Amino acid sequence: MSSLNLISEHRCFGGTQRFYAHESRECRSEMRFSVYIPPQAEKRRVPVLYYLAGLTCTEETFMIKAGAQRLAAELGIMLVAPDTSPRKTRYPGDDESWDFGLAAGFYVDATEEPWSQSYRMYSYVTRELPELVNSLGVALEDRQSIFGHSMGGHGALVIALRNRDKYRSVSAFAPISAPMQCPWGQKAFTGYLGPNREAWRAYDASELLAAERYHDTILVDQGTADKFLTEQLKPELLEEACRKSGTQLTLRRQEGYDHGYYFISTFIADHMKHHAERLV
């Protein structure tokens, strides 16, 4: 396991906000992530809630904008947010568009060259990142959950559905619900996974949910004024998939809210409490 480089540390609501960098085994490049350690960790180990951010975001975005640390301090939950792609290893065209390449890893393990060399965000989040978090010595290794926003909502749903023994619960803000059926997902999957659509199914939450029931209620918030709602997000397909498998879905359509962090910060408490009930 690689050694951690502490970039910065900040006192926050009685706990500690930290930002780390390290050489990643999975991504074969430097990766960064942020951690909020609540004050309860001074006396006992605490559960972990992973957050996956969306397109264009970094490991800082959630910690700066969501207002989640106050809630994490009250609930005694550790927050972890990784970056959204490798950054130091560069490939031709990786910064030509905002929805593919840098800051757009889509939480898949790429199989197409050159992306397969370092764009292994699925394995990074599910395997390497928990090892690093556990090495800090304050996490309850058997109590972890996951949530995310947009591209990260897609990632959180897929990761929870494919690793049901690892994550106790999952929720999402405005997730890309059916990436096989929207332009963002089709572009990313073609580039990272190749033209064989059968290979895409393993990274599509609606496909996974239609095939097998999830054991817990999934909480999703979606703003009705989200400009990406109709073309990219398609929550109705997630609803349909849950109906097919008998999965309990709480999909809340929030009137007038858009796709940004004002929306997330408004409803973050509900998501934190949703996970706390299953973690603490």
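The values are calculated or read from the model by the stated rules, or taken from the named source; none is laboratory data. Since we're looking at a predicted model, the values are computed, not measured. Glycine gets a Cβ as well: all are built from the backbone with ideal geometry, and neighbour counts include every protein chain shown. Each accessible area value is taken on the protein alone, full model and side chains, heavy atoms only, with ligands, DNA and RNA left out. Shrake-Rupley method; radii C 1.70, N 1.55, O 1.52, S 1.80 Å.
Given the residues Arg201, Arg213, which is the only one that is open to solvent by 50 Å² or more (accessible area, probe 1.4 Å), assigned to a helix (DSSP H, G or I) and in contact with a helix residue (DSSP H, G or I) (Cβ under 6 Å, 6 or more places away or on another chain)?
Arg201
Look at Gly67 and say whether it is open to solvent by 10 Å² or more (accessible area, probe 1.4 Å), among the small types (Gly, Ala, Ser) and without any contact (Cβ under 8 Å) to a residue 60 or more places away in the chain.
Criteria not met by Gly67.
For segment 152-184, enumerate the residues that are closer than 28 Å to Pro92 by Cβ and either polar (S, T, N, Q) or surrounded by fewer than 24 Cβ atoms within 10 Å (Cβ to Cβ) (or both). If you could, list the steps in order and put the result at the bottom.
First, pick out the residues of segment 152-184 that are closer than 28 Å to Pro92 by Cβ: 152, 154-155, 158, 176, 179-180, 182-184.
Selection gives Met180, Cys182, Pro183, Trp184.
Tell me, which residue of segment 254-275 that is outside any helix (DSSP H, G or I) and touching a strand residue (DSSP E or B) at 6+ places or on another chain (Cβ under 6 Å) is least open to solvent (accessible area, probe 1.4 Å)?
By that ranking, first place goes to Gln254.
Being open to solvent by 10 Å² or more (accessible area, probe 1.4 Å), more than 23 Å from Tyr107 (Cα to Cα) and assigned to a loop (DSSP other than H, G, I, E, B) is the filter here, so list the residues in segment 18-50 that pass it.
Matches in segment 18-50: Lys43, Arg44, Arg45.
Given the criteria more than 21 Å from Pro175 (Cα to Cα), touching a strand residue (DSSP E or B) at 6+ places or on another chain (Cβ under 9 Å) and β-branched (Val, Ile, Thr), does Thr111 qualify?
No: the conditions fail for Thr111.
Enumerate the pairs (first residue in segment 251-280 and closer than 18 Å to Gly223 by Cβ; second residue anywhere and of a type in the set (Val, Ile, Thr) and open to solvent by less than 60 Å² (accessible area, probe 1.4 Å)) with beta-carbon separation below 6 Å, excluding pairs fewer than 6 apart on the same chain, so at least 6 apart or on different chains.
Final answer for the pair search is Leu251/Val220; Arg253/Thr224; Glu255/Thr224.
Is it true that Arg164 is in a helix (DSSP H, G or I) and in contact (Cβ under 8 Å) with a residue 40 or more places away in the chain?
Answer is no for this residue.
If you go through segment 89-114 one residue at a time, how many are closer than 19 Å to Val158 by Cα and either touching an Asp or Glu at 6+ places or on another chain (Cβ under 9 Å) or hydrophobic (A, V, I, L, M, F, W, C) (or both)?
8
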